[in-house]
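The values are calculated or read from the model by the stated rules, or taken from the named source; none is laboratory data. Since the model is a prediction, treat every value here as computed from it, not as a measurement. Every residue, glycine among them, receives a Cβ derived from its backbone with ideal geometry; neighbour counts consider all protein chains shown.
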Amino acid sequence: MASNSFGLIYRFTSFGESHGDLVGVILDGVPSNFPLDLDKIQADLDRRKPGQNKLMSQRKEEDKFEIVSGFFEGKTTGTPLTFLIKNKDQRSRNYSDIVDLYRPGHADFTYHKKYKNYNPYGGGRSSARETLTRVIAGAVAKQFLEKFQIKIEASLIQVGDIKDDINLMHQKILEVKKTGDSIGGKVKITASNVPVGVGEPIYEKLDARLAYALMSINAVKAVEIGDGLAVVNKLGSENNDVIKKDGNFLSNHAGGILGGISSGQDIVATMSIKPTPSIFLNQETINKKNEEIEFQLKGRHDPCVALRAPVIGEAMMAQVIFDLMLLDGNFSF
């Protein structure tokens, strides 16, 4: 597996599997002598962790981290910053009946065909458990971005055909959960106070890096910048953002990015997230002997993975913006 790292200057490498002993992340390119607020990192991890309510997987994980390098007397040292989180509530027995089959919608088929030998329990390396490491990398990046008053926020804006009303969205998730099925959703991520000039055309454009980063998150099937797909139905006169004196814009259809470079407006991206492939209905598939079979999953699974995705989207946007600001060289941290 040749790609376990992300980033250009601020680069993180993740490791570990869903039902392994632990997951971890190594952050490289971290500026030295910076005081990290560890409580803020834990707060973001707590937003992501399962078992918080009946809308989520009931896997119970504390997700408490340990720093084993790159941190001394409350500050970064500039050497690789390494975090470890132990897995404590794995239930591999729930997978004993399905380790020899390919679950529809999962990575079982492709991982087995490509790697031959892989850990299938809980999805192994392809599990969303890996996103813990992204949240840590993003939480660290956010603290550096605070120096420029850059704030990144994300929220769930749609579940199925329900938009904007969070109570109705939660109700929809519960209704689907009772049937044993799952449902998709959409998450909006916004970065405010990003200065003009972040992004490196041609091939490290801000929007290109964001799309790459967000599409790498488990279950994300589409990324839109600004008005996204809606621009197909617009005229140029409707889509252009008028610029007034002192660089004030009258609209933000472009999502805060022009020519791959931040314009000073809010950076806006949305992620469309597929329904959890783990459902509790009878399904058809094949096993590793190429035999067609029927099966039904056991275990603990999210009825809507989009519910826990906002903090992951924030993390990847923070990582990209911080990384490109370091690459620019004109922003001092």
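Structure above, values below:
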read-out	value
Qualifying residue in region 265-272 (condition: closer than 27 Å to residue 327 by Cβ and surrounded by fewer than 19 Cβ atoms within 10 Å (Cβ to Cβ))	yes
Long-range neighbours under 6 Å by Cβ, at least six apart or interchain, first residue within 19 Å of residue 106 (Cβ to Cβ) and assigned to a loop (DSSP other than H, G, I, E, B) within region 299-313, second among the β-branched types (Val, Ile, Thr) and at pLDDT below 95	301/276; 302/276
Region 169-212, residues that are among the acidic types (Asp, Glu) and part of a helix (DSSP H, G or I)	175, 207
Close pairs from region 272-289: first without any contact (Cβ under 8 Å) to a residue 24 or more places away in the chain, partner part of a loop (DSSP other than H, G, I, E, B) and surrounded by fewer than 16 Cβ atoms within 10 Å (Cβ to Cβ), Cβ under 7 Å, at least 6 apart	282/296
Single unsatisfied condition, residue 249 versus (1) surrounded by 12 or more Cβ atoms within 10 Å (Cβ to Cβ); (2) touching a residue at least 40 places away in the same chain (Cβ under 8 Å); (3) farther than 19 Å from residue 319 by Cα	(2)
Unmet requirement for residue 37, which otherwise passes all of (1) at pLDDT 90 or above; (2) within 23 Å of residue 213 (Cα to Cα)	(2)
Residue match in region 230-239 (condition: basic (Lys, Arg) and in a loop (DSSP other than H, G, I, E, B))	yes
